[in-house]
1. What's the carbon and sulfur percent of the range 7-87's accessible surface, probe 1.4 angstrom, rounded to a whole number?
2. Mind checking the full-extension length gain between ARG49 and PHE127? Use 0.36 nm per residue of separation minus the Cα-Cα distance, one decimal, nm.
3. Rg over Rh of the range 181-321, using C-alpha atoms and the Kirkwood radius, what does it come to?
4. Hey, what's the Kirkwood Rh for the range 111-158 if you take every pair of different alpha carbons, in angstrom?
5. Within the range 222-252, what residues put their amide N at less than 13 Å from the label point 7 Å along the Cα-to-Cβ vector of VAL15?
6. Over the Cα atoms of the chain, what radius of gyration and what Dmax do you get, in Å?
7. Under the definition of Cα pairs under 8 Å and six or more residues apart, what whole-number percent is the relative contact order of the range 261-306?
8. If you average the C-alpha positions of the range 104-135 and of the range 39-62 separately, how far apart do those two centres end up, in angstrom?
Amino acid sequence: MLTFITRRLVYSVPVLIASTFLSFTFVSLAGNPTAKLLQNPTYSAVTLRRLQHQYHLDRSIPVRYWYWVEDVFTHRLGNSLTTLQPIWPDLTRTIGHTAQVILLSEALALVIGIAVGVLSAVRQYTFFDYFSTGVSFLGFAIPTFWLALLLQIAFVDVYLKWHVRIFYTSGLNSPHQGTWSVDRLQHIALPVMTLCIISFALYSRFMRASMLDVINSDYIRTARSKGVPEHRVIAGHVLRNALIPITTVAALNIGGLLGGAIVTETVFSLDGIGYYFVQKLGQLDLYAVMAYLLVTALIIIVFNLVADILYGFLDPRIRLD
């Protein structure tokens, strides 16, 4: 196991270098990183030249990339070009907020999606199967931003008609409220609901298809012919093997969402890493954008590794070493 993890981490290094260099090049070519600095009337020509030299903006892209890599290790991702403040505190704050929303939504989506997928496969072609299939297709069909807006409108109408504040429609919390207070849960409930519905549609369909693929296998028929109770066949043989494909889907989905649920955070004005990325990209803040892309790449690599490790526990036939 340790050999496998070490080998995967070594393979990830060139992937990370290539992806960050290409991202750095594209972001640099997308616009002038000093555009926002030039718009600031308090900066004189001398100050602008000094800032350009300090942040190596007067150098070629490969040289600037090398200085950025140096800042990643020595100055915790460096400073923002627009605020001239360290990037690390903003990044840790926003990714913590995003993690709260993503982990809650994905936990709910996985539990409900797996349960519905299992029941749909066991009761294939029943009313429950058709109903859950229709709900899943509806979740696939509705764009994320549209679902978020519908939820906002619905709960605003509830508040305006009955003056009952069930959930808030923007922000993370009211003033002077804690991180895990009831007020915080009321604020993030709608973003969690939005992401949960979208992910539920994905997980339930994958789980149903995987269950049907396993449930018709020869060894399942053999277990039934030996008189093994049906609940033991489903829980001990079918479910465990059916979880293998969904492990990859869940790991990649959670990793991608932790990198920033950009649309959801923008609609609900959440102070998350996706919303942070949108703001910094609009400001052409090169180093802040690169910090986001680096963290996103690392998260996806880590969750890919987690998925591979889980394979070994779910299927002993898979030898990771």
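The values are calculated or read from the model by the stated rules, or taken from the named source; none is laboratory data. Since this is a predicted model, take the numbers as computed values, not measurements. So basically every Cβ, Gly included, is an ideal-geometry build from the backbone, and we count neighbours across all protein chains shown. The area values use the complete protein model at the heavy-atom level, side chains included, leaving out ligands, DNA and RNA. Shrake-Rupley method; radii C 1.70, N 1.55, O 1.52, S 1.80 Å.
1. 64
2. Additional length available on full extension: 21.1 nm.
3. 1.12
4. That comes to 12.3 Å for the range 111-158.
5. It comes to 252, nothing else.
6. Answer for the chain, Rg first and Dmax second: 24.1, 85 Å.
7. Rounded, it is 23 percent for the range 261-306.
8. When both Cα centres are located, 56 Å separates them.
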